[in-house]
Amino acid sequence: MPAEVDIPLALPGLSPVCGEPVVARFDGGRLSSDGGILLLAEVERRLGIAERLAGCIEDPRAPERVRHAMAEMIRFRALAIAVGYPDANDCDLLRRDPAFKMAVGRLPETGADLCSRPTMTRLENLPGPVALKRMMAAMVARWSHCSATASIPCRGGSCCRWRTTST
């Protein structure tokens, strides 16, 4: 007699999404072929890469009209590239993907969709030379600190909050 396999698989070590634990199920519903992105997102979140890079870019948008935070868009773009979606055009397809929504901190079914291709294209064209230099310096500082102290991820200290203020 065949056994019924409907046991939720808890994924310890992953950050909760909107206060809910991340659980893998195999009983259908909205599916994604990019489940591994949750592991990449956890590493990115612990290293603080998207937040660090977002802090280097001046956001010209009107705060009351912002639907997608700068760090969220950077996280979405970086993760898409990491799992094999190199073009911003892919964002139109991936914006509703449950795994990508969870990777940026939104609920897979009821969370708002991620940003579209036009929004992502504007993000890619936003940083000027000064912001790009700041982004490069922030990443060099992040990795220089980690290699010097062998502490990945960094959980404090002034280097984790470091931002360049000069050009």
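The values are calculated or read from the model by the stated rules, or taken from the named source; none is laboratory data. Since we're looking at a predicted model, the values are computed, not measured. Here Cβ is always computed from backbone atoms with ideal geometry, including for glycine, and neighbour counts include all displayed protein chains.
Things to note:
- I81 under 21 Å from R142 (Cβ atoms), free of Cβ contacts under 8 Å to residues at least 12 places away in the same chain and hydrophobic (A, V, I, L, M, F, W, C): yes
- Filter pass, P86 being within 22 Å of M139 (Cα to Cα), surrounded by fewer than 17 Cβ atoms within 10 Å (Cβ to Cβ) and either modelled with pLDDT of 90 or more or not aliphatic (A, V, I, L, M) (or both): yes
- Residues in segment 1-56 that are β-branched (V, I, T) and modelled with pLDDT under 75: 4 in all.
- Taking segment 60-71 as the range and being in contact (Cβ under 8 Å) with a residue 24 or more places away in the chain and either surrounded by fewer than 14 Cβ atoms within 10 Å (Cβ to Cβ) or more than 27 Å from R134 (Cα to Cα) (or both) as the test, the residues that pass are P60, R67.
- The listed residue being within 21 Å of R52 (Cα to Cα) and buried (at least 20 other Cβ atoms within 10 Å of the Cβ), out of I81, I74: I74
- Of the residues examined, V43 is one that is surrounded by fewer than 14 Cβ atoms within 10 Å (Cβ to Cβ) and under 19 Å from P16 (Cβ atoms).
- Helices (runs of 4 or more DSSP H) lying entirely in segment 55-150 (those with 2 or more residues that are more than 20 Å from L40 (Cα to Cα)): 117-125, 129-149
- Residue in segment 95-111 that is closer than 28 Å to A137 by Cα, touching a Leu at 6+ places or on another chain (Cβ under 9 Å), at pLDDT 90 or above and surrounded by fewer than 16 Cβ atoms within 10 Å (Cβ to Cβ) present: no
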